[in-house]
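For reference, the structure discussed in these notes is given below.
Values quoted throughout were computed directly from the atomic coordinates according to the rules given, and no laboratory measurement underlies them. Values in this document were obtained by computation on a predicted structure and should not be read as measured data. In this analysis, Cβ positions are derived from the backbone assuming ideal geometry, glycine residues included, and neighbour counts consider all displayed protein chains.
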Amino acid sequence: MVTEPGRGPVPGADGRLRCPWAVSSPEYLGYHDDEWGRPIRDDVGVFERLCLEGFQSGLSWLTILRKRENFRAAFDGFRIETVAGYGAADVARLLADRGIVRNRAKIEATIRNARAALELPAGLAALVWGYAEQARDGKAPAQTLDDLAAATAESKALAGELKRAGFAFAGPVTVYSTMQACGVVDDHLAGCFRHGAWT
């Protein structure tokens, strides 16, 4: 059901229709088929995705995917309590780590966000998933990539709540990407074999 060449679902090598971005590299294919949009409901999983989406800002997501295992090693598996305890020596260590994106502001934001996450009464995952019903209410499946928003009213509201809680590098676009990655919304295109698979 390709509604626009290169913009709607396209068949992969196995003949199954996928979101068109999924077939551009093996890393994207695996991420699309096995992870993107699969519900993540634990604090560490949501924190990791929020952090990686923040690191992706201004870069290709493929860059982040290729460095993801390095990020996990560098940030102790994104365990929130551990990252929250990082100090100046950890910042220096991370800035010297060629395996990750060495951006001081993003590294410091990750540490700040871990500290802020510890202060959330019900936890980060509960806060993010608290927007699921509103985000899905009456939303028709996207037919093409052009139908997908970069940010929504819900991601703007959640970004505002995170900002008030002390988070950084968590604007509406980063937050919406996190919502997509964690399955809070299902933005696999209509016709993609993964659309509705995990809901």
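Could you work out the pair-distance distribution P(r) of the chain from its alpha-carbon pairs, with 5 angstrom bin width and percents rounded to whole numbers?
1, 8, 15, 20, 19, 16, 11, 6, 3, 1, 0
Given the Cα-Cα distance of Asn70 and Arg104 and 0.36 nm per residue of separation, how much length would full extension add, in nm? Numbers along the way, then the final one.
Details: separation 34, 0.36 × 34 = 12.24 nm, distance 1.66 nm.
That pair, Asn70 and Arg104, stretches by 10.6 nm at full extension.
For a quick size check, give me the Cα extents of the stretch 54-155 along its three principal axes, largest first, whole Å.
48, 34, 20
Rounding to the nearest 20 debye, state how big the charge dipole of the chain is about its Cα centre with +1 on each Lys and Arg Cβ and -1 on each Asp and Glu Cβ. Working shown, then result.
On the way: 24 positive and 25 negative charges, 109 e Å.
With Lys and Arg at +1 and Asp and Glu at -1, about 520 debye.
Find the Cα radius of gyration of the stretch 36-90, compare it with 2.2 N^0.38 Å by division, and give the number to two decimals.
Details: Rg = 11.8 Å, N = 55, 2.2 N^0.38 = 10.1 Å.
The reported ratio for this selection is 1.17.
If you count, for each residue, the other Cβ atoms within 10 Å and average over each peptide, how do 97-106, 42-51 line up from highest to lowest? Working shown, then result.
Values: 97-106: 14.8, 42-51: 22.0.
The most tightly packed comes first, giving 42-51, 97-106.
Rounded to the nearest 500, what is the chain's calculated 222 nm mean residue ellipticity when only DSSP H runs of at least 4 contribute -39500 (n - 2.57) each, over all residues? Could you put the intermediate results ahead of the total?
Numbers: 10 runs with 98 residues, N = 199.
About -14500 deg cm²/dmol.
Relative contact order (percent) for the stretch 1-90, with alpha-carbon contacts under 8 angstrom and 6 or more residues of separation?
Working: 52 pairs, mean separation 13.6, N = 90.
Computed over the stretch 1-90, the figure is 15 percent.
Can you tell me how much longer the chain between Ser24 and Lys139 gets when fully stretched, taken as 0.36 nm per residue apart minus their C-alpha distance, in nm with one decimal? Kindly include the intermediate steps, with their values, before the conclusion.
On the way: separation 115, 0.36 × 115 = 41.40 nm, distance 2.72 nm.
Here the answer is 38.7 nm.
Please compute the contact order of the stretch 76-192 in relative form: average sequence separation of alpha-carbon pairs under 8 Å and at least six residues apart, divided by the residue count, as a percent. Mind showing how you got there, number by number?
Numbers: 110 pairs, mean separation 30.7, N = 117.
Relative CO of the stretch 76-192 lands at 26 percent.
Return Ser177, Ser155 ranked ascending by Cβ neighbour count within 10 Å, so the fewest neighbours appear first. Intermediate values should be presented prior to the final figure.
On the way: Ser177 22, Ser155 26.
Arranged by neighbour count, lowest to highest, Ser177, Ser155 become Ser177, Ser155.
Report the relative contact order of the chain, percent, no decimals, based on alpha-carbon pairs under 8 angstrom and at least 6 residues apart. Provide the component values of the computation, followed by the final result.
Values: 272 pairs, mean separation 62.3, N = 199.
With pairs under 8 Å counted, the relative contact order is 31 percent.
Which value results for Rg/Rh of the stretch 123-199 when Rg is the Cα radius of gyration and Rh the Kirkwood radius based on the inverse mean 1/r?
On the way: Rg = 12.6 Å, Rh = 12.9 Å.
Result: Rg/Rh = 0.98.
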